[in-house]
Amino acid sequence: MLTLHPHQMDQIYDHAQDCYPEECCGLMLGKILEPDAQLEKKLFELYPLDNAWEQAESSIRIEESGTPLTATRRYWIAPQDLFNAQKYARTQGWDIIGVYHSHPDHEAVPSECDRKWAWPQYSYVIVAVKNGVPHDFRNWILDDQQQFRAEPVTVVDDVVPSTLETDI
């Protein structure tokens, strides 16, 4: 289960809207708890990032035919950005608990590419954006068979809201 503050949900929506028609992306920082063997993640802060797909596509080997792969259909988190986020999270005593990104003019359902690059235990929030307007917020997690399944989201006011701005 992922627990977050309504303001954090709004920040993700805003980031998705600001990046449209390209995919937005960012990391979720917080704590992973395992009370009674049920994985629970508390989101404390968002770490919005630039979609680095255009810089990464020449070094990523993707076998997909048909639609051209651009930042409107893919996102990439630059390794240095991931390192910086890990370093920052450690200074706060937190972990990276997941990734969020948008699907411009597509459903908030993980793609095969999303599945191939996903890591266990992370939450994967996807926001659908239709004609520039975010409208669907869904959260996913990999199961033991490396398939995505819906992960519950709890929105509560007592989670510490993020102080980061979504302006990148």
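The values are calculated or read from the model by the stated rules, or taken from the named source; none is laboratory data. Worth saying up front: this structure is predicted, and the values here are computed from it rather than measured. No Cβ is skipped: glycine too gets one built from the backbone with ideal geometry, and neighbour counts run over all protein chains shown. In case anyone asks, the SASA skips ligands and DNA or RNA and just uses the protein heavy atoms, side chains included. Shrake-Rupley method; radii C 1.70, N 1.55, O 1.52, S 1.80 Å.
Remarks
- Residue satisfying all of: in the range 111-135; assigned to a loop (DSSP other than H, G, I, E, B) and touching a Lys or Arg at 6+ places or on another chain (Cβ under 9 Å); nearest to Thr72 (Cα to Cα) among these: Ser111
- Test: residue in the range 68-86 that is touching a helix residue (DSSP H, G or I) at 6+ places or on another chain (Cβ under 8 Å), modelled with pLDDT of 95 or more and buried (at least 19 other Cβ atoms within 10 Å of the Cβ): no
- Residue match in the range 143-158 (condition: surrounded by 11 or more Cβ atoms within 10 Å (Cβ to Cβ), in contact with a helix residue (DSSP H, G or I) (Cβ under 8 Å, 6 or more places away or on another chain) and of a type in the set (Val, Ile, Thr)): yes
- Residue list for the range 1-56, restricted to those being open to solvent by 70 Å² or more (accessible area, probe 1.4 Å), farther than 24 Å from Val133 by Cβ and part of a helix (DSSP H, G or I): Asp36, Ala37, Glu54, Gln55
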